[in-house]
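Structure first, then comments.
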Amino acid sequence: MRTLAATVVFAASLWAGAAAAQTPPPEDPSLIAYLRDRAKKALDTTRYTAAITPDGAMTLVYLTGPNWCGSGGCRLLVLDRTGATYRSVGEISVARAPIRLLERQTHGRRDLGVYVAGGGITEGYEVAVPFDGRRYASNPTVPPAVRIQEAPGETLIRADEPGRALEPSPDKP
């Protein structure tokens, strides 16, 4: 009964957070070029959802498709942008949307909230993924990621977003 109540509370908080979700950024040719380079031969099966943090400091990219997802979730890229260049500051291996930007901070950067389930986890939950001074933790199912409940923050990528197809460059077959 307690688990059911916690699930209902969590679902309600996600629904409320979805209303505050950021509008997806316009397509950015530099980001698309970065993603095409990362996806290489998986272009035809890759979809992505991107969100820029409200301060414009980071871009989060949730990759889906057979090359990016497993039973535990899909890949989340955490990128900094300088001019037209993107630099990775984290790659979370098994994340599920919604993806949230939490109010809590570690080493001067806001923690990321991701949902974890599957891959042996029978009852899903949200975790805070911290920054270690150089990168965000890569696996949200082990420390330093920590389970959280009702942590303040805002939803940047909703669970119901279908994502955009990542298509080959027009100048390449």
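Just a few scattered comments:
- Whether the range 72-173 is rounded, prolate or oblate, judged on the alpha carbon gyration tensor where a/c under 1.5 counts as rounded: oblate
- Charge dipole (the range 56-173, unit charges on Cβ, about Cα centre) - positive-most of Ala117, Ala137, Leu156: Ala137
- On the principal axes of its alpha carbon atoms, the range 80-132 extends 42, 22, 18 Å, with the longest extent given first.
- Start at zero, step by 5 Å, and the Cα-Cα distances of the range 42-126 spread as 3, 13, 23, 24, 18, 12, 5, 1, 0 percent across the bins.
- Only Lys, Arg (+1) and Asp, Glu (-1) charged, at Cβ; the range 85-173 dipole about Cα centre in debye: 300 debye
Readers should treat all values here as calculations from the given coordinates under stated rules, not as data from a laboratory. Predicted model, so just to flag it, every value in this text is computed and none were measured. Ideal geometry is used to build each Cβ from the backbone, glycine not excepted, and the neighbour counts take in all protein chains shown.
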